[in-house]
1. Short version: which residues of the stretch B:269-291 lose at least 10 Å² of accessible area, all chains versus chain alone, 1.4 Å probe?
2. Starting from the stretch B:425-481, pick out the GluC sites (Glu not before Pro) whose DSSP state is loop and whose Cβ has at most 13 other Cβ atoms within 10 Å.
3. Determine the dipole magnitude for the protein assembly as shown: charges of +1 sit on the beta-carbon of Lys and Arg, -1 on that of Asp and Glu, nothing else is charged, the reference point is the Cα centre, and the result goes in debye to the nearest 20.
4. Hey, can you find the accessible area per residue of chain A for me, probe 1.4 Å, expressed in square angstrom?
5. Given points 7 Å out from each Cα along the Cα-Cβ axis, report the residue A:2 to residue B:59 separation in nanometres with one decimal.
6. Can you give the net charge of the other residues whose Cβ lies under 13 Å from the Cβ of residue B:248, counting K and R as +1 and D and E as -1?
7. Please compute the Kirkwood hydrodynamic radius of the stretch B:216-291 from all pairs of different C-alpha atoms, in Å with one decimal.
8. Fully extended, how many nm does the chain gain between residue B:473 and residue B:528 (0.36 nm per residue separation, minus their Cα-Cα distance)?
Amino acid sequence: MAVTPPTDAELNTMIRARLASLGIDLDQLPAGTAADPETGSPGRDSVLASLRSFVRGSVTALASFQMPAPSGSDPAHAAALSQQPAPMLYPSISTEWRR
Amino acid sequence: MTTTNLPAEQTGQSVKAVNRRAFLLQTAAITAAAAAGAAAFPAAASASTWSGKTPKFGSDAYVKPRPEAIADPTELTVAEAAWMIKNGKLKPVVLVEAYLARITAYDSVYQAFNTVLGEEALAAAKAIAKKKPASPLHGIPLAIKDNYWTKGVRTTANSYLFQDFVPPYDATPVARLKAAGAIVLGKTQMGPLATTRATSPDGRITTVNAWTPGNVATDPGGSSTGTATSVASRMAASGTGTQTGGSITAPSNAQNLTGLKPTMGRVSLAGIIPLSYTRDHPGPLARDAKDAAIMLTAMAGEDSADPRTQGLPPLPDLIAAATPVFSKGKCRARRRTRIGVLPGYASTTTRQAFLAKLDGIDGFELVDVPFPDQWDLLTGNEFNNVRLPERSEPFMPYLRSDLRGFGVSVTGWLQGALLGANEFITGQRAKLLLLERVLDQVFEKCDVVVQTSPVPFDILGLPEIGFPIGFSAAGVPVGTILGGAPYEEDTLLSVVAAYQAVTDWHWKRPADPVVPAAAARALKTTADRGRLTADDVVDQMQ
């Protein structure tokens with residue numbers, strides 16, 4: 001059964017809770033959508049809208065990405081990533097390590 | 001120290017209401033550590049371990065100047081100025097004075113620098129004049145992007161968070177350039193924390209494109225904007241930038257320069273304020289391929305303070321690679337090179353003319369190459385955003401105490417804090433998959449490949465070079481980008497050097513702005529050049 005996507009209000013709660021768990025209080029930013037006149041930092045409602053879009057876009061796209069099955073492997077068993085190449089922080093450098 | 005001291009309403013750097021407690025605590029810790037000696041620093045953060053050996057530069061690094069350049073020292077390329085200095089025809093002091101004169105005359109319009117080290121540069125020029133030139137950078141005045149630590153000189157990354165930060169040592173690339181004899185003229189304006197085009201931290205536009213100083217709307221390229229404008233307007237001979245999402249190649253393309261983003265690890269990042277530690281690449285913005293080769297030769301090399309620089313192939317002879325080869329008076333390829341052309345690249349007459357010019361050089365072959373599988377997905381915005389936790393993690397103390405201190409750039413840092421570890425690791429797997437497809441499906445068929453965006457090769461850490469190929473109808477430079485295989489900066493330079501031997505785009509310079517004194521004063525104190533909002537920064541974020 002498909003998971004019901006979260007509403008804006010649910011995402012706002014999740015975002016605030018996640019940030020709070022890291023010790024970040026979004027209320028440091030000005031209320032509403034107007035930017036802070038001193039620093040140009042955006043209002044918290046504008047930031048929340050941008051963060052909701054980020055969660056629905058980037059977080060969802062990355063989380064749902066399925067790596068292709070390695071050549072010669074059974075796709076049914078390759079759905080898990082346990083035998084995929086190890087993730088690399090620095091792909092270009094890794095070319096030298098793998099020579 | 002002399003500085004330009006831009007007024008507070010332009011730099012935004014003296015806003016007092018921002019909570020800077022975390023910053024002051026860190027500064028105090030660094031000051032105390034400096035007083036106690038270098039051993040008090042974490043090993044990975046210390047630049048004191050660099051050996052200080054100056055690389056070898058061949059005779060090709062010295063180029064007899066064009067006649068028109070001899071009349072104006074600021075028109076000399078680095079290679080030409082090096083020839084003049086080596087042959088006793090130009091004194092470093094004269095060269096520094098010439099650049100300082102242009103800064104005095106024009107930087108109120110361009111606003112390329114946030115700190116000008118006039119007295120220090122002159123003193124350095126006088127001191128170095130007593131030594132025998134040992135490198136083509138001997139006595140060459142450079143502009144340094146303000147996210148490179150400079151010993152004893154304020155290093156802000158154009159941010160409230162670092163507005164009073166004075167590093168205790170030079171970033172390794174700065175130390176290497178200085179060891180080669182280069183002179184630091186000043187620190188350049190940049191996108192706040194390297195996120196976008198140069199603005200004040202609160203988004204007010206500062207630096208303009210040197211080609212359209214009266215039109216702030218013309219994109220000067222970000223985030224190494226100030227360096228690009230300073231070099232394009234002949235206020236510095238060459239300069240440094242950093243690239244995370246196009247910040248060397250984009251301003252180079254926008255301002256008729258040759259900018260070289262090397263392979264990840266070629267240049268140490270020790271002492272550079274990070275944006276994304278897997279993606280930040282230090283490199284030069286220069287006037288042509290030869291100058292870019294000289295700069296990168298000085299900047300590159302293993303550094304025990306940065307493990308990313310270790311265990312890599314040796315740096316090839318970049319200066320030889322950037323020296324065009326002629327046969328019977330005609331330029332030919334230094335080595336046979338297959339130039340890959342991606343679908344849709346030749347969509348403009350400028351690009352078509354560029355490809356035709358390359359095709360006419362003996363030894364170059366144009367080859368159609370496909371986009372690798374899932375190219376749009378793996379290089380698109382969502383997967384590109386996997387870099388964002390690298391932004392938030394090192395800045396957590398500031399995120400907890402000083403959100404407004406990030407100014408217009410804060411949203412990217414908060415986005416990074418929302419990306420979970422699962423997604424982050426998936427993104428790392430996807431990068432490796434993308435690299436293998438680029439190597440298998442593109443570089444099996446060609447040696448270099450034209451780029452339609454700098455981002456894919458930034459994701460992968462592969463080398464890229466941006467260079468001029470024409471002008472728009474409005475008189476604004478048009479550039480393009482070539483990408484290369486890992487550690488093949490020399491191949492990129494050899495192609496661009498040949499192209500620049502048969503074209504003259506890279507020799508064109510913008511006209512000097514007309515600056516009545518009163519207008520200049522007004523620009524410095526009251527002009528509102530427009531501003532970027534936080535939403536603009538998210539859209540343009542690098």
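The values are calculated or read from the model by the stated rules, or taken from the named source; none is laboratory data. Please read all numbers here as calculations on a predicted model, not as lab measurements. Using ideal geometry, Cβ is built from the backbone for each residue, glycine included, and neighbour counts are taken over all protein chains shown. Note: areas computed on protein heavy atoms with side chains; ligands, DNA, RNA excluded. Shrake-Rupley method; radii C 1.70, N 1.55, O 1.52, S 1.80 Å.
1. B:277, B:278
2. Answer by residue number: B:444.
3. Working: 60 positive and 57 negative charges, 374 e Å.
Its charge dipole is roughly 1800 debye.
4. On the way: 5500 Å² over 99 residues.
Averaged over the residues of chain A, the accessible area is 56 Å².
5. If labels sit at residue A:2 and residue B:59, their model points lie 7.3 nm apart.
6. Values: positive: B:145, B:261, B:266, B:279; negative: B:280, B:458, B:464, B:489.
Here the charged neighbours net out to 0.
7. Numbers: mean 1/r = 0.0817 Å⁻¹.
This gives a value of 12.2 Å.
8. Numbers: separation 55, 0.36 × 55 = 19.80 nm, distance 2.75 nm.
Computed gain between residue B:473 and residue B:528 is 17.1 nm.
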